[in-house]
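The values are calculated or read from the model by the stated rules, or taken from the named source; none is laboratory data. What you see is a predicted model; the values in this text were computed from it and never measured. Every residue, glycine as well, gets a Cβ built from its backbone with ideal geometry; the counts of neighbours run over all protein chains shown. Each accessible area value is taken on the protein alone, full model and side chains, heavy atoms only, with ligands, DNA and RNA left out. Shrake-Rupley method; radii C 1.70, N 1.55, O 1.52, S 1.80 Å.
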Amino acid sequence: STKKKSLFPQDYKGQKLAEQIFQGIILVSAIIGFLCGYVTEQFGWTVYIFMAGVALSCLLTLPPWPMYRRNPLNWLPVQESGTEEKKPADKKPKRHTKS
């Protein structure tokens, strides 16, 4: 039997870490963007800083970096099924009783 290794194994701890990093960067960039936009009275700065935070968080969390693949799930091995086909149990048709 051949074992195939997944190119992108599932790692729920890595997914949680990526989500926390993504949300943290978005929150911090939104706060910094708001403050800079408020101080300079330029809404454009708010948007640019927030969009830079979105781009940075996407760059850090979307690719499958090794730090997100440290705890892969161990799947059960594939079991070969036999050539015998299982037949469904013979069921007797129900008879309708007259009342």
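Contact map, region 1-19: first residue assigned to a loop (DSSP other than H, G, I, E, B), second residue modelled with pLDDT of 75 or more and surrounded by fewer than 11 Cβ atoms within 10 Å (Cβ to Cβ), Cβ cut-off under 6 Å, separation 6 or more or different chains; pairs are Gln10/Leu73.
Leu17 - would you say it is at pLDDT below 95 and over 30 Å from Gln79 (Cβ atoms)? For Leu17, the condition - at pLDDT below 95 and over 30 Å from Gln79 (Cβ atoms) - is met.
Considering only residues in region 20-40 that are closer than 30 Å to Leu73 by Cβ and open to solvent by 90 Å² or more (accessible area, probe 1.4 Å), the one that is farthest from the chain's Cα centre (by Cα) turns out to be Leu27.
Of the residues making up region 41-62, those that are surrounded by 10 or more Cβ atoms within 10 Å (Cβ to Cβ) and assigned to a loop (DSSP other than H, G, I, E, B) are Gln42, Leu62.
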